[in-house]
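See structure below.
The values are calculated or read from the model by the stated rules, or taken from the named source; none is laboratory data. Quantities reported herein were computed from a predicted structural model and do not represent experimental measurements. Cβ: placed from backbone, ideal geometry, glycine included. Neighbour counts: every protein chain shown.
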Amino acid sequence: MNLRRKTAALFLVILTVLALSTAALAKKQPVVVWGLNVYDPGTAAMVEKFNATNEKYEIIAEVPVGAAGQTLESMVKLMTAIASGTGPDVTTMDRFVVAGWALRGTLTPLNDLIERDGFDIGQYMSWAVEEVTLGDKYYGLPHNADSRAFYWNKDHFAEAGLDPDTPPATWDEFVDYALKLTKRDARGRLLRVGTYSSTSSWHYIHTFGLGGQFLSDDGRTALLNAPETVRGIEMIVDLIDKLGGVEELGTYTEGFAGYAEDSPSNPFLMEDVSMMLGQSPLVGTIARYKPELNFGIGFHPVLDPEVGPVTYGGGWAWVIPQGAKNLEGAWEVIKWLTTEGHVVRAEGDYEYNQSMGRPYVPRETTNIAVDTMLFEKYGSMLEHEHLRKALDVVLELYGKIRMRFLSPEGQLIRAQLSSAYEGALYHRGTAQELLDSANAVVQEALDKFWKDYDAGRL
Amino acid sequence: MARQHSMTRRKKASLFLTHVVLIMGCIAFGFPFAWLISTSLKPDLQILSFPPTWIPRPVVWSNYKEMMRLVPFWKFFWNTSYMTVLSIIGVLISSSMGAYAFSRLRWPGRDVIFLLFLGTMMIPSEVTMIPLYLIFRNLGWIDTLKPMWVPAFFGQPFNIFLLRQFMMTLPKDLEDAAKIDGCSYLQIYLHVIMPLVKPALATVGVFTFMARWNSFMTPLIYINSRDKMTLSLGLRLFQEIGSTQWGPMMAYAATMTLPIVIMFFFAQRQFIQGIALTGMKG
């Protein structure tokens, strides 16, 4: 073989190697994400945009349902997947269970990545960030949000001789209005109830509004039977009894209606209930199913003037499980999903709703700038003025949100509080007795957890 | 004569009462299905209306169209059919063989093993969830449809019990005659027992069909990829599409339920016969 041929062969080999390595470099790295429902038009638009614009990573959306690590089956799925090294790079998680997963060593702290990139964590609502923070470590980026708003039916107010534009300011006023707004027929059967909420967390607002909390600051002592919570539940029980008792109200409101905030048969939409504490996304449901409903929205009546108006909220986070195969990619994805991704999703949702001839109310995020922008942009497109104003109030609510509780036993605390609250409503015991017993159960679980944690057994 | 007349009247009254009770039962059981169909054909705002509108005005088919547009229904349908059919085949083969061994063959420790076998029905599924997941992971079956149908080929206590009860009612003489004619155990199983247990097999088939078709928990645990999702998982997607899509969700549920209704109509006679003969009550 002469020199020319040899050179040509060598050149060919170099070219082939270069071509192959360029192809390998050009191939995007997969980032497996659990919990992105790409059958939702907005989410589909979001994933499509990321994959089209990011040069290095590609989102592989898996487990569109049951990824939350909350119910037993999803806990088994996620925990076993993480433990066996088949877990995703990113997963969604209800923020109140993040602490439990993080303390069990299953989530990746994000501090190093945040510091390295100079990423601004302050762009998210502080209460939502608190929900994913343990000590000084961040275990996720907060994604969406909802708060609890006080809704009232203005037509019912006018009919009962109350000022439709002035909701009750105090608890006493609220009780008085609820009694005035309740209507019965000649035989005493309920035609309308002044207020009712089947949500088992109604009393959270009382605990916060009276200045209480459910856990000590270090998270090791349960305070479920604190005087504020006991008093709060007693106030609600007293009101419900005055209105006819939980059995009658429950039968009346649940016989034919669903309480979910996105249900078209929500009793507030059906005008069966005149005042209600409901989740903020109810505004979107009203816009879609009954835009002409003459309603007001604001803060729950003040319970203690020294504390002032409060509300509480919740939502989801994106977290990176331990052992994620593509940590860098996962970090890129969660940053994008909680910033630009929201905007893309809103565009996709808007277009879908337009195609269906429906009004569009943006979903709330925890990103302050994004929320303000989305509410301004899409809120101004709403036909009804009262809906536009309602969105302004929703933004205002976010300034007064209290985080529920940050605990490895968050799920248990929620369940025990619900059980005590329901027991008190049905007079299975006094609020004090029921909360004492709930507190004992939670404290026992907390003691066990912290004992194992301190001994490094988790 | 008068007594006979009175008896006829009493018989008629009893028949009338029976029909009234049965018709009321039919209405009670048919109500949710009728509601499902009706809602799937309603425009958005009629879903809300109270008192409820039974007959949608106008009837809108767009919920079905929208449902098909939102999710790959036929992909989910294929996955569900695939694992359901294989499960039925597996259950029918393995359970009938197990039942045959437990009811017609004599072998040491048979009844004790049967009792132990039955005892496994008492173990809650939550207890076996993690060990099963680990086994399937080691087999490389996570994110495949195999965990949904392969176990069906290894016998299932409830179905074996049901078939065993049925097989025990068959006269021994038939088997003896076959033995005299030179049949092996396998031939007896295939040519004598199987044709006689058709009603019970139909019952087991229908039970398996319904259980697999509607199964939610198992696919939820083992399936990750969207292209392997089943119909029951798909139904949940509608609740997570922004706000719940009620109309398309009802259309999806109605379409998903249809094969069960069709299946029941086809297997109805044998299914009822099977239940009656095995003494099982739903």
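Would you point out which residue out of B:Phe154, B:Phe117, B:Phe166, B:Phe136 is in contact with a helix residue (DSSP H, G or I) (Cβ under 8 Å, 6 or more places away or on another chain), under 16 Å from B:Gly90 (Cα atoms) and assigned by TED's automatic domain parsing to the domain that holds B:Pro219?
B:Phe154
Looking at segment A:350-401, which of its residues are at pLDDT below 90, under 18 Å from A:Phe150 (Cβ atoms) and of a type in the set (Gly, Ala, Ser)?
Listed by number, the list holds a single entry, A:Gly399.
Could you grab the pairs with beta carbons closer than 6 Å, sequence gap of 6+ or different chains, first residue in segment B:206-221 and more than 17 Å from B:Phe265 (Cβ to Cβ) and within 14 Å of another protein chain (Cβ to nearest Cβ), second one of a type outside the set (Gly, Ala, Ser) and in a helix (DSSP H, G or I)?
Short answer, once both residue conditions are applied: B:Met217/A:Glu73; B:Thr218/B:Met148; B:Pro219/B:Leu233; B:Leu220/A:Glu73; B:Ile221/A:Glu73; B:Ile221/A:Lys77.
What number of residues in segment A:377-388 are surrounded by fewer than 14 Cβ atoms within 10 Å (Cβ to Cβ) and part of a helix (DSSP H, G or I)?
1
For segment B:224-255, which positions are crowded, with 19+ Cβ neighbours inside 10 Å and either facing chain A (nearest Cβ under 7 Å) or in contact with a strand residue (DSSP E or B) (Cβ under 9 Å, 6 or more places away or on another chain) (or both)?
Answer for segment B:224-255, where residues must be crowded, with 19+ Cβ neighbours inside 10 Å and either facing chain A (nearest Cβ under 7 Å) or in contact with a strand residue (DSSP E or B) (Cβ under 9 Å, 6 or more places away or on another chain) (or both): B:Asn224, B:Arg226, B:Leu233, B:Leu237, B:Ile241, B:Gly242, B:Ser243, B:Trp246.
Here's a check for you: in segment A:350-373, which residue that is under 24 Å from A:Tyr289 (Cα atoms) and among the hydrophobic types (A, V, I, L, M, F, W, C) is farthest from the chain's Cα centre (by Cα)?
Ranking the candidates gives A:Met356 first.
Does any residue in segment A:45-63 that is within 14 Å of chain B (Cβ to nearest Cβ) come within less than 8 Å, Cβ to Cβ, of a residue that is among the aromatic types (Phe, Trp, Tyr) and surrounded by 15 or more Cβ atoms within 10 Å (Cβ to Cβ) six or more places away or on a different chain, and which pairs are these?
These pairs meet every condition: A:Ile59/A:Phe50; A:Glu62/A:Trp34; A:Val63/A:Trp34.
Let me spell it out: the conditions are (1) out of contact with any Leu (no Cβ under 9 Å at 6 or more places or on another chain); (2) within 14 Å of another protein chain (Cβ to nearest Cβ), and B:Met129 meets all of them except one. Which number is the exception?
Exception for B:Met129: condition (1).
Just for segment A:93-112: of the residues that are out of contact with any Gly (no Cβ under 7 Å at 6 or more places or on another chain), closer than 23 Å to B:Tyr133 by Cα and at pLDDT below 90, which one is nearest to the other protein chains (Cβ to nearest Cβ)?
A:Arg104
Listed residues A:Ile297, A:Ile286; which is buried (at least 23 other Cβ atoms within 10 Å of the Cβ), of a type in the set (Val, Ile, Thr), closer than 24 Å to A:Tyr252 by Cα and more than 14 Å from chain B (Cβ to nearest Cβ)?
A:Ile297
Could you tell me whether A:Val90 is more than 9 Å from every other protein chain (Cβ to nearest Cβ), within 27 Å of the chain's Cα centre (by Cα), modelled with pLDDT of 70 or more and buried (at least 23 other Cβ atoms within 10 Å of the Cβ)?
Yes, satisfied.
With B:Phe76, B:Phe16 as the choices, which residue is aromatic (Phe, Trp, Tyr) and free of Cβ contacts under 8 Å to residues at least 24 places away in the same chain?
That would be B:Phe16, the only listed residue that is aromatic (Phe, Trp, Tyr) and free of Cβ contacts under 8 Å to residues at least 24 places away in the same chain.
Among the candidates B:Ile188, B:Ile135, single out the residue that is surrounded by fewer than 19 Cβ atoms within 10 Å (Cβ to Cβ) and modelled with pLDDT of 90 or more.
B:Ile135
Those residues that are within 14 Å of chain A (Cβ to nearest Cβ), outside any loop (DSSP other than H, G, I, E, B) and in contact with a Phe, Trp or Tyr (Cβ under 8 Å, 6 or more places away or on another chain), I need them from segment B:5-57; list them, please.
B:Thr39, B:Asp44, B:Leu45, B:Ile47, B:Leu48 - these are the residues of segment B:5-57 that are within 14 Å of chain A (Cβ to nearest Cβ), outside any loop (DSSP other than H, G, I, E, B) and in contact with a Phe, Trp or Tyr (Cβ under 8 Å, 6 or more places away or on another chain).
Is there a residue being among the polar types (S, T, N, Q), in contact (Cβ under 8 Å) with a residue 12 or more places away in the chain, in contact with a strand residue (DSSP E or B) (Cβ under 6 Å, 6 or more places away or on another chain) and not in a helix (DSSP H, G or I) anywhere in segment A:193-208?
yes
Taking B:Phe76, is it out of contact with any Pro (no Cβ under 6 Å at 6 or more places or on another chain), surrounded by 18 or more Cβ atoms within 10 Å (Cβ to Cβ), farther than 21 Å from B:Val204 by Cα and within 14 Å of chain A (Cβ to nearest Cβ)?
yes
Identify all residues within segment A:64-87 that are outside any loop (DSSP other than H, G, I, E, B) and either at pLDDT 80 or above or more than 7 Å from every other protein chain (Cβ to nearest Cβ) (or both); write none if there are none.
A:Ser74, A:Met75, A:Lys77, A:Leu78, A:Met79, A:Thr80, A:Ala81, A:Ile82, A:Ala83
Within segment A:428-436, identify whether any single residue is in the same structural domain as A:Ile236 (by TED's automatic domain parsing), assigned to a helix (DSSP H, G or I) and acidic (Asp, Glu), and answer yes or no.
Yes, the conditions are met somewhere in segment A:428-436.
Can you tell which of A:Glu328, A:Glu332 is surrounded by fewer than 18 Cβ atoms within 10 Å (Cβ to Cβ) and more than 14 Å from chain B (Cβ to nearest Cβ)?
A:Glu328
Can you tell me which residue within segment A:270-283, out of those that are aliphatic (A, V, I, L, M) and surrounded by 22 or more Cβ atoms within 10 Å (Cβ to Cβ), is nearest to the chain's Cα centre (by Cα)?
Checked segment A:270-283; the qualifying residue nearest to the chain's Cα centre (by Cα) is A:Leu282.
Could you tell me whether A:Pro309 is under 20 Å from A:Ala149 (Cβ atoms), under 24 Å from the mean Cα position of the chain (by Cα) and away from every other protein chain (no Cβ under 14 Å)?
yes
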